[in-house]
Amino acid sequence: LTYIYRGWRDKMGSTKRPICLVLCILACLASYGSGYTTSPGQLGDKTKGPGVALPRSALALTSRLKMSTIEEETEEGGELGPQVLPLELKDELENSFMQYAMSVIMGRALPDVRDGMKPVHRRILYAMFALGLTPESGYRKCARVVGEVLGKFHPHGDSSVYEALVRMAQDFVMSAPLVAGHGNFGSVDNDPPAAMRYTECRLSGVARDALMTDLGQDTVPMVPNFDGNEQEPAVLPARLPMLLLNGAAGIAVGMATNIPPHNLGELVDGCVALLGDRDLPDAELYRLIPAPDFPTGGHLLGTEGARRFYETGNGGIQIRAVTNMEMITNGRMSRNAIIVTELPYQVSKAGLLAKIAEMVNDKKLDGISDLRDESNRDGIRVVLELKRDANPSVVRNNLFKKTQLQASFAGNHLALGAAGKQPHRYSLRQALLEFLDFRFETVRKRAAFDLGKVQARQHLLEGLLLALGRIDDIIDLMRKSKDTASARKKLMGKEYGLTEVQANAILGLTLSRLTGMEEKKLKSEQKDLASKNKELTQLMEDDSKVKAVMVEEMLALKNKYAVPRRSIIIKDEGELSAESLIENLQSIIMITHSGYIKRMPLDQFESQNRGTRGKA
């Protein structure tokens with residue numbers, strides 16, 4: 001009684017103590033009358049038959065047990081009555097947390113190594129493809145796409161779906177944008193995109209050609225959506241390693257992923273080399289894919305961090321802004337200026353400028369007299385005017401040291417593996433081989449699908465050509481048949497030996513198909529199908545031919561969509577010594593009688609020629 005009373009009193013407030021006491025007494029009487037006894041140390045122990053559940057507040061303050069009620073048939077009379085099952089909160093919490101963690105890991109936060117997509121991105125692209133939003137079609141409101149995704153595939157918040165769609169349209173985030181956006185989709189200043197009712201979108205060319213072309217050919221498994229009314233692909237039949245091409249970022253439960261984007265042409269070269277030799281030396285693979293390639297450009301400081309990331313799946317990559325020196329003329333005055341034209345990946349330009357201005361005002365950065373942003377649609381241009389006596393190299397080194405003009409990308413190559421859908425940290429070689437194995441099976445499945453269609457068409461043509469060869473007999477047979485069913489039965493009899501599919505095709509022939517020209521077309525088609533059948537059969541039986549098809553398709557995408565490397569690799573590991581941050585001036589070192597040492601610039605002293613006498 002005491003435990004229950006305290007629980008309800010804390011929940012209802014001290015002003016309602018009498019009500020709490022009455023409710024506690026009634027609860028105890030009900031428990032006693034039902035033959036269910038409960039003690040603070042043994043909540044949930046049954047002494048007689050079924051009982052009643054105590055209030056959650058009382059349980060929470062006593063034994064921390066969760067009581068769930070189910071309907072169970074009693075032994076006497078077969079009537080239904082409440083059955084209270086005691087469950088340890090520790091066990092329930094453990095099970096619930098594991099279910100939540102697995103849901104986040106498998107269904108939201110981590111991408112698939114095969115197509116590089118998280119479920120939300122995959123569903124957005126598939127919904128756009130189903131809506132017919134191809135590169136040749138017109139743009140459609142993003143709100144329409146978000147509604148389609150929410151209603152059919154992804155029952156979560158609309159803002160999360162729209163943010164994922166926007167990310168796939170930002171060319172400063174994706175190496176190869178998968179969505180072609182029309183409207184305000186944000187900027188490198190971290191400006192938010194316009195509302196989804198204003199912006200429009202459709203699939204980009206690379207999304208259509210690299211992800212959607214093989215859909216509908218039994219290449220990937222289709223699974224039911226959340227309510228079982230629709231089908232969606234479990235994975236997209238990617239022709240390129242999209243996980244490395246556009247990168248990924250996500251935070252799951254107890255793990256996170258952060259994969260940098262890469263250059264399309266370099267990835268294709270690496271894949272082609274691995275198809276030729278799975279045991280390709282690491283040195284050769286890293287020569288073909290030396291480092292990530294960020295869409296915002298910048299300078300990569302050496303390859304040590306990238307090499308560590310490629311070997312272990314974990315490593316930091318140093319990126320430095322692209323700067324140059326210019327002489328700025330303002331009237332009669334001319335000053336040196338540092339011009340920034342490219343920023344490190346994921347660095348907000350507006351935030352960077354605000355931070356530099358703050359550090360200049362706080363005297364943490366010296367030598368800068370003016371700061372302005374002259375960026376336009378042609379590119380980034382940030383101007384840092386220097387003071388007359390400032391050393392440009394020292395100021396620039398301090399900017400690299402103290403601001404995000406030099407940043408580190410913390411790479412963590414974590415993704416869901418194809419086997420068992422388990423999280424795995426991949427090296428570069430492992431990720432590419434996993435993708436190539438998936439692509440190999442995709443091409444084989446597509447070939448099997450095409451072969452089945454060819455054989456079905458060949459089977460149909462055999463029946464049609466047989467009918468055209470005996471057209472008079474077929475017409476006479478149909479005229480003598482009382483209905484379609486009897487005519488079909490006769491065609492499937494011993495005299496003709498046609499299948500039901502062939503018989504239906506013959507019965508559906510129009511008069512225009514009975515001409516000699518149509519017969520020639522059918523024979524020509526039959527010849528082409530025989531050649532296609534032979535080609536597909538050889539493809540199914542020869543792995544080298546499958547690999548040749550993979551190479552051909554990847555090289556076609558490279559020729560169409562590859563761009564030169566944006567992030568230039570320089571031989572600099574990014575370490576700035578203390579000497580590089582201090583201007584090299586002639587100085588005087590003084591040591592006092594008390595043992596103090598002091599450095600003073602030489603130009604603070606001037607020759608007076610007064611014989612050691614002061615001016616005063």
* Given Cα pairs under 8 Å that are at least 6 residues apart, what percent is the relative contact order of the range 322-372? -> 24 percent
* **Integer Hz, Karplus 6.51/-1.76/1.60 couplings in order for the range 429-441, x for Gly and Pro** => 4, 4, 5, 5, 5, 5, 5, 5, 5, 5, 5, 4, 5
* Extension gain (nm, one decimal) between LYS387 and GLU88, 0.36 nm per residue minus Cα-Cα -> 100.6 nm
* Structure fact -> The local net charge around GLU495, scoring Lys/Arg +1 and Asp/Glu -1 for residues other than GLU495 whose Cβ lies under 15 Å from its Cβ, equals +3
* For GLU441 and GLU462, calculate 0.36 nm times their separation in residues minus their Cα-Cα distance, and state this gained length in nm to one decimal. => 4.4 nm
* **Karplus 3J(HN,Hα) series, Hz, for the range 394-405 with 6.51 cos²θ - 1.76 cosθ + 1.60 (x for Gly, Pro)** => 5, 4, 5, 5, 5, 5, 5, 6, 10, 10, 7, 5
* Asked: What relative contact order, as a whole-number percentage, does the range 117-237 give when Cα pairs under 8 Å and 6 or more residues apart are counted?
  -> 28 percent
* **Over 22 Å between alpha carbons, listed pairs LYS349/LYS401; LYS118/LYS421; LYS532/LYS560; LYS349/LYS402; LYS118/LYS453** => LYS532/LYS560; LYS118/LYS453
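Mind ranking 131-144, 478-491, 303-316 by how tightly packed they are, going by the mean number of other C-beta atoms within 10 angstrom, highest first?
On the way: 131-144: 15.6, 478-491: 13.8, 303-316: 18.4.
The packing order, highest mean first, is 303-316, 131-144, 478-491.
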* **5 angstrom amide H check on ASP370, placed H, neighbours 5+ away** => GLU385
* What residues from the range 364-383 fall in the zone where the backbone N is under 19 Å from a label point 7 Å along the Cα-to-C-beta line of ASP171? -> 375-382
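Based on the mean of other beta carbon atoms within 10 Å per residue, what is the order of 348-361, 106-119, most packed first? Working shown, then result.
Details: 348-361: 15.7, 106-119: 22.4.
Per-residue mean Cβ counts within 10 Å order the peptides as 106-119, 348-361.
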* To do: Two decimals is fine: what is log10 I(q)/I(0) at q = 0.10, 0.16, 0.17, 0.20 Å⁻¹ for the range 449-601, from a Debye sum with one equal scatterer on every Cα and no solvent?
  => -0.65, -0.99, -1.04, -1.22
* TYR139 to ARG197: FRET efficiency via 1/(1 + (r/R0)^6), r the Cβ-Cβ distance, R0 22 Å, to the nearest 0.05? -> 0.95
* Structure fact -> In whole Hz, the Karplus estimates of ³J(HN,Hα) for the range 151-158 (6.51, -1.76, 1.60; θ = phi - 60°; x where Gly or Pro) are x, 10, 10, 9, x, 10, x, 5
* Based on the Cα gyration tensor of the range 322-404, what are the three equivalent ellipsoid semi-axes, each the root of five times an eigenvalue, rounded to whole Å and given largest first? -> 19, 16, 11
* Round to the nearest 0.05 the FRET efficiency obtained for LYS453 and ILE569 when R0 = 30 Å and r is the Cβ-Cβ distance. => 0.05
* To do: Along Cα→Cβ, 7 Å out, is where each label goes; now give me the distance between the ones at LEU514 and GLN430 in nm to one decimal.
  => 6.9 nm
* Modelled label-to-label distance, LYS545 and LYS480, 7 Å Cα→beta-carbon offset: nm? -> 4.6 nm
* Give the relative contact order (percent, whole number) for the range 268-427; include only Cα pairs under 8 Å separated by 6+ residues. => 23 percent
* To do: Please give the direction-averaged projected area of the C-alpha convex hull for the range 117-237, in square nanometres with one decimal.
  => 7.0 nm²
* Structure fact -> Fewest to most Cβ atoms within 10 Å: THR257, THR213 sort as THR213, THR257
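Taking the Cα centre as origin and putting +1 on Lys and Arg beta-carbons and -1 on Asp and Glu beta-carbons, what dipole magnitude results for the range 119-220, to the nearest 20 debye? Mind dumping the intermediate values first?
Values: 10 positive and 11 negative charges, 61 e Å.
Computed charge dipole of the range 119-220: roughly 300 debye.
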* Asked: Extent of the range 227-298 along each principal axis, from alpha carbon coordinates, in Å, largest to smallest?
  -> 49, 30, 26
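Coordinate-derived values only; no laboratory data. The structure presented is a predicted model; accordingly, all values stated were derived computationally and were not measured. No Cβ is skipped: glycine too gets one built from the backbone with ideal geometry, and neighbour counts run over all protein chains shown.
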